[in-house]
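J.: Before I ask anything, here is the structure I am working with.
Quick note: the coordinates plus some simple rules give every number you see, no bench work behind them. Since this is a predicted model, take the numbers as computed values, not measurements. Note that we place each Cβ from the backbone using ideal geometry, even for glycine, and neighbour counts take in every protein chain shown.
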Amino acid sequence: MKRNDFILLAAIVVIALAAFGAVSLYSAVSTREPEAVVYLNGEEQGRYPLSEDTAVEIRQGNSYNILQIRDGKADITEASCPDKICVNHRAVSKQGESLICLPNKMAVEIENSEEAGIDASTR
Amino acid sequence: MAKKTAYLGMLTALAFVFSYIEYLLPINLGVPGVKLGLANLVIIVALYTINMRWAFTLSAVRILLAGLTFGNPASMIYSLAGGMLSLAIMILAKKSKLFSVTGVSILGGVFHNIGQIGVAVLVVETAGLLYYLPVLILSGTIAGVLIGILSSILIRNLIKAIKIEDIDL
């Protein structure tokens with residue numbers, strides 16, 4: 001190997017590391033944190049990051065749902081609907097999971113979160 | 001003529017067999033496209049012992065053979081893009097006389113991967129594939145060093161064994 005080969009080698013390693021740095025910086029900037037998105041009648045009403053504990057009342061006329069975010073999970077703790085399916089639903093936190101209240105036409109969907117793992121498998 | 005035919009036939013067969021060995025023993029690092037590039041050994045030897053015209057022919061014939069036997073049209077397109085870009089860069093690097101065989105081989109390995117990723121980005125229309133680039137540049141470099149060292153040993157001995165003037169290319 002000649003001296004130029006080593007210069008080339010060093011240059012390529014530097015370029016690769018720079019590219020790696022650029023790529024990881026870009027992905028760090030572009031990955032947004034997980035959030036709960038509230039929809040009423042199919043229209044987006046608000047976004048709440050799962051990292052912050054909070055409780056919001058989603059009101060529409062006389063009907064309401066209370067969305068509580070705690071320990072990185074979103075849950076409906078109280079609602080005016082007759083069936084309480086949304087209230088009885090477990091807390092959600094994984095990508096694409098949702099809490100839906102049909103009577104109030106309300107939906108909460110998780111976005112930018114990690115995919116849910118496998119609950120169980122059989123064969 | 002007979003010597004020329006024998007030599008080129010041998011190199012073609014070797015390149016083809018090396019491609020097959022790599023197909024049988026894939027390196028899985030979680031990033032697609034990481035490989036040793038054994039076939040490039042033959043191409044480099046051809047580049048240094050014969051000439052660039054035959055190196056191009058060898059490379060094209062190898063890709064065609066590999067694609068028709070154990071590859072598929074898609075893998076052929078990727079191989080062609082990688083192989084041709086890599087060879088073009090290696091010819092330029094050799095002509096510049098800046099690098100030894102190893103340097104030429106490193107550039108070949110790196111640009112083979114760049115060519116493949118380039119085509120993949122165009123085909124899949126996802127710039128996200130560029131995430132693979134840093135890993136592929138490094139793996140191409142490592143493969144290039146190994147193949148380059150092997151190539152220079154081969155070239156040194158082959159030039160002694162085969163009088164290139166006899167082959168009359």
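J.: Which Cys residues of the protein assembly as shown have no other Cys beta carbon under 4.7 Å away?
T.: A:Cys81
J.: List nothing, just return the count: lysine pairs in the protein assembly as shown, 8 or more apart or interchain, with Cα separation under 15 Å.
T.: Working: A:Lys2/B:Lys94; A:Lys2/B:Lys97; A:Lys73/A:Lys94; A:Lys84/A:Lys105; B:Lys3/B:Lys163; B:Lys4/B:Lys163.
Counting lysine pairs in the protein assembly as shown gives 6.
J.: Take the alpha carbon atoms of the range B:49-81, find their center, do the same for the range A:48-123, and report the distance between the two centers in whole angstrom.
T.: Here the two parts' Cα centres lie 55 Å apart.
J.: State, to one decimal in nm², a quarter of the convex hull surface area for the C-alpha atoms of the range A:1-115, i.e. the direction-averaged projected area. Mind dumping the intermediate values first?
T.: Values: hull surface 38.2 nm².
Averaged projected area of the range A:1-115's Cα convex hull equals 9.5 nm².
J.: With the cut-off at 23 Å, report for the range B:1-139 the share of all Cα pairs above it, as a whole percent.
T.: On the way: 3094 of 9591 pairs.
For the range B:1-139, the share of Cα pairs beyond 23 Å comes to 32 percent.
J.: Return the inverse of the average 1/r over all pairs of distinct C-alpha atoms in the protein assembly as shown, which is the Kirkwood hydrodynamic radius, in Å to one decimal.
T.: Numbers: mean 1/r = 0.0430 Å⁻¹.
Kirkwood radius, the protein assembly as shown: 23.2 Å.
J.: Rank the residues B:Leu8, B:Leu29, B:Leu24 as a footprinting-exposure proxy: fewest other Cβ atoms within 10 Å of their Cβ go first. Before the final figure, lay out each step's value.
T.: Details: B:Leu8 18, B:Leu29 12, B:Leu24 8.
Ordered from fewest to most neighbouring Cβ atoms within 10 Å, B:Leu8, B:Leu29, B:Leu24 come out as B:Leu24, B:Leu29, B:Leu8.
J.: Against the empirical 2.2 N^0.38 Å scaling, what ratio does the C-alpha Rg of the range B:19-65 come to?
T.: Details: Rg = 12.4 Å, N = 47, 2.2 N^0.38 = 9.5 Å.
Relative to the rule-of-thumb radius for its length, the range B:19-65 sits at 1.30.
J.: Using Cα-Cα distances under 8 Å and only pairs 6 or more residues apart, what relative contact order does chain B have, in percent?
T.: Numbers: 205 pairs, mean separation 46.8, N = 169.
Computed over chain B, the figure is 28 percent.
J.: Quantify how strongly other chains surround peptide B:100-109 by giving the mean number of their Cβ atoms within 10 Å of each of its Cβ atoms. Spell out each step's value before the answer.
T.: On the way: counts 6, 3, 7, 9, 2, 1, 5, 3, 0, 1.
Whole-number average of other-chain Cβ neighbours for B:100-109 is 4.
J.: What is the local net charge at B:Gly83, summed over the other residues whose Cβ is closer than 14 Å to its Cβ (Lys, Arg +1; Asp, Glu -1)?
T.: With Lys, Arg at +1 and Asp, Glu at -1, the neighbours total +1.
J.: What relative contact order, as a whole-number percentage, does chain A give when Cα pairs under 8 Å and 6 or more residues apart are counted? Walk me through the intermediate numbers first.
T.: Working: 197 pairs, mean separation 25.7, N = 123.
Relative CO of chain A lands at 21 percent.
J.: Can I ask one more? Can you list the DSSP H helices in chain B whose Cα atoms extend at least 24 Å along the helix axis and whose mean Kyte-Doolittle hydropathy is 1.6 or higher?
T.: Working: long enough: B:2-24 (33 Å, 0.90); B:52-69 (25 Å, 1.19); B:73-96 (34 Å, 1.12); B:101-124 (34 Å, 1.72); B:133-161 (40 Å, 1.80).
Sorted by number, the helices that extend far enough and score high enough are B:101-124, B:133-161.
J.: Viscosity 0.692 mPa s, temperature 37 °C: what is the translational diffusion coefficient of the range A:61-114 from Stokes-Einstein with a Kirkwood Rh over Cα pairs, rounded to a whole number of µm²/s? Working shown, then result.
T.: Numbers: Rh = 11.3 Å.
Approximately 291 µm²/s, per Stokes-Einstein.
J.: Provide the packing ranking of B:133-144, B:115-126, i.e. peptides ordered by the mean count of other C-beta atoms within 10 Å per residue, highest first.
T.: On the way: B:133-144: 22.8, B:115-126: 16.3.
Going from most to least packed, we get B:133-144, B:115-126.
J.: On to the next question. On average, how many beta carbons from a partner chain sit within 10 Å of the beta carbon of a residue in B:130-136? The partial results should precede the final answer.
T.: Working: counts 4, 6, 1, 6, 10, 4, 2.
Across B:130-136, the average partner-chain Cβ count within 10 Å equals 5.
J.: While we're looking at this one, here's another question. Express the Stokes-Einstein translational diffusion coefficient of the range A:1-49 in µm² s⁻¹, to the nearest whole number, given a Kirkwood radius over alpha-carbon pairs, 25 °C and a viscosity of 0.890 mPa s. Walk me through the numbers on the way to the answer.
T.: Values: Rh = 14.6 Å.
The calculation lands on 168 µm²/s.
J.: Also, I was wondering about something else. For every helix of n ≥ 4 consecutive DSSP H residues, a contribution of -39,500 (n - 2.57) applies; sum these over chain B, divide by its total residues, and give [θ] at 222 nm rounded to the nearest 500 deg cm²/dmol.
T.: On the way: 7 runs with 134 residues, N = 169.
Per the formula, -27000 deg cm²/dmol.
J.: Per the helix-only calculation at 222 nm, which mean residue ellipticity applies to chain A, given -39500 (n - 2.57) for every DSSP H run of n ≥ 4 and division by its residues, nearest 500 deg cm²/dmol?
T.: Details: 2 runs with 32 residues, N = 123.
So the calculated ellipticity at 222 nm is -8500 deg cm²/dmol.
J.: Could you tell me the calculated FRET efficiency between A:Ala116 and A:Arg47, based on Cβ-Cβ distance and R0 = 22 angstrom, to the nearest 0.05?
T.: Working: r = 20 Å, r/R0 = 0.91.
Calculated transfer efficiency: 0.65.
J.: Next question, about the same structure. Can you give the net charge of the other residues whose Cβ lies under 12 Å from the Cβ of B:Phe16, counting K and R as +1 and D and E as -1?
T.: After counting each charged neighbour, the total is 0.
J.: On average, how many beta carbons from a partner chain sit within 10 Å of the beta carbon of a residue in A:10-17?
T.: On the way: counts 0, 0, 9, 3, 0, 6, 10, 3.
Per residue, the average neighbour count from other chains is 4.
J.: Right, here's the next one. Expressed as an acute angle from 0 to 90° and rounded to the nearest 10, what is the orientation of the C-alpha long axis of helix A:3-30 relative to the principal long axis of chain A?
T.: Roughly 10 degrees, rounded to the nearest 10.
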